[in-house]
Structures are given as C-alpha cells and as structure tokens.
1. Which condition breaks for GLY99 when tested against (1) farther than 17 Å from LEU146 by Cα; (2) surrounded by fewer than 20 Cβ atoms within 10 Å (Cβ to Cβ); (3) of a type outside the set (S, T, N, Q)?
2. Filter the range 128-184 for residues that are in a loop (DSSP other than H, G, I, E, B) and among the hydroxyl-bearing types (Ser, Thr, Tyr); which is nearest to the chain's Cα centre (by Cα)?
3. Tell me yes or no: at least one residue of the range 167-175 is out of contact with any strand residue (DSSP E or B) (no Cβ under 7 Å at 6 or more places or on another chain) and either of a type in the set (Gly, Ala, Ser) or crowded, with 19+ Cβ neighbours inside 10 Å (or both).
4. Could you give me the residue pairs with C-beta distances under 8 Å whose first residue belongs to the range 101-117 and is closer than 16 Å to GLU169 by Cα, whose second residue is buried (at least 17 other Cβ atoms within 10 Å of the Cβ) and modelled with pLDDT under 75 wherever it lies, and which are 6+ apart or on separate chains?
5. Out of (1) modelled with pLDDT of 90 or more; (2) within 28 Å of MET59 (Cα to Cα), the odd one out for LEU146 is which?
6. Could we say that TYR140 is under 13 Å from TYR164 (Cα atoms), assigned by TED's automatic domain parsing to the domain that holds PRO161 and in contact (Cβ under 8 Å) with a residue 24 or more places away in the chain here?
7. Name every residue in the range 144-184 that is over 30 Å from PHE105 (Cα atoms) and among the charged types (D, E, K, R), in order of residue number.
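The values are calculated or read from the model by the stated rules, or taken from the named source; none is laboratory data. What you are looking at is a predicted structure, and each value in this text was computed from that prediction instead of being measured. Please note: Cβ atoms are built from the backbone with ideal geometry, for glycine as well, and neighbour counts cover all protein chains shown.
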Amino acid sequence: MKIKEHLNCIRGWLPKESNMAYMHKPSKPSWKTYWKTLSIVMVVIVLVGIAFVGVRTYMHYSNPAMDVAPSPYYEKTTNSTTVAIEDIIEVNVWVHWHGYVLPEFKRNVKIVDPFPERYFSLARENETNVYQSQGYGGSYPLKYLLRVDSGEGSSAEFPAPRLYLDDVEIPLSDTSTTLKIAIR
C-alpha cells in the first residue's frame, strides 16, 4: 500500500466537496439517554450518602465523647436537707445522657458519685457509690446510704458525679446538692 492509501485508512474517507465534509446530521436525544444519566446521578448520590453516614457512624462509635449529645446532666437528691450526727441519709443520683446514633452503641458505662468523706461514710460495708453496666444511652439510677460522721453546725456540698463511657470521662452539668448538719 502506498502512503496515501494508509493516510486515507487512518483518517477515513473524506468527500471531494468540502461542504459535505463538515455537514453532519444532528442526533436526536432519546429518552434512554436521559434515564441513563438520571440513574447514574442517583447512584452517585446514594453512594456519597452511604459513605458520609458510614464515616460519621464510625467516628461516633470510636469516640464516646463525640457520640454523646450535648449537655448530659444529672439529678442528685437526698431524703432530707437537714441531718444530725449518726443519721443515715439516702442519696439518689440520676445521670441522663444519650447518643446521636440510633440505636446507640453499647458502651461500658461507669458512674462514680463522690461524697464529702470528712462528713459522711457509706452506711453498709457491701454498699458502693459506683455504678457499672454494659448498656446503651439513657438514664442510669444510683442509690446508696450515707452515715453522718462529723461536721456539726456546718453544711456539706455534694460534688457532681462522674460519668465514664468506655473509660472516657464525660462532663455533666447541673447544680450540686447542699446538706446542713444540725447541732444536737
């Protein structure tokens, strides 16, 4: 084959009239093209949404502090506001928290409720002011008894409980309970 024949094979056949070479028939868009484009766009949107939710869920799963909704709080009450030495008071603590992801991830929940040890001691030997569970978000009750040991004429303020999710401390908000110790 000659060089001219090779060039014609590569470039294709061109008509002798130049206006015929540039004239082409416009193609009509078909509905199949629109449906294909629409389905591709929908698949891309769904995949991006799944990736976004998956990454966000993994971040909440791996970091308990990120999983907790803003402002977890506690409620602490006692059965009396004024007590005397050797009295036994009941302390009720409710810690309220929940996660973003439903259902919330199963977490190792630990609640430690400190009390002023210079004024009080636990009433029973086997009793504790620590609550541990393997559970989900929500409200966790803690109840224990304290014996008043000292502090006549003073008032004792109970500090906030501490909430640990998978050994990460989560700060709680609310006001502390104050107890007056009366003089006999």
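1. (2)
2. So in the range 128-184, the residues in a loop (DSSP other than H, G, I, E, B) come out as 128-129, 136-137, 149-154, 158-161, 166-167, 171-172, 174-177, 182-184.
From what is left, the residues that are among the hydroxyl-bearing types (Ser, Thr, Tyr) are 128, 136, 150, 154, 175-177.
Values: THR128: 28, TYR136: 11, SER150: 42, SER154: 41, THR175: 24, SER176: 25, THR177: 28 Å.
Applying the filter and picking the extreme gives TYR136.
3. Taking every residue of the range 167-175 in turn, none turns out to be out of contact with any strand residue (DSSP E or B) (no Cβ under 7 Å at 6 or more places or on another chain) and either of a type in the set (Gly, Ala, Ser) or crowded, with 19+ Cβ neighbours inside 10 Å (or both).
4. That search, which allows pairs on different chains as well, returns ARG107/GLY137.
5. Here LEU146 meets the rest and fails (2).
6. On the way: under 13 Å from TYR164 (Cα atoms): yes; assigned by TED's automatic domain parsing to the domain that holds PRO161: yes; in contact (Cβ under 8 Å) with a residue 24 or more places away in the chain: yes.
Taking the combined requirement at face value, the residue satisfies it.
7. Applying the first criterion (over 30 Å from PHE105 (Cα atoms)) to the range 144-184 yields 145-158, 177-184.
Result: ARG147, ASP149, GLU152, GLU157, LYS180, ARG184.
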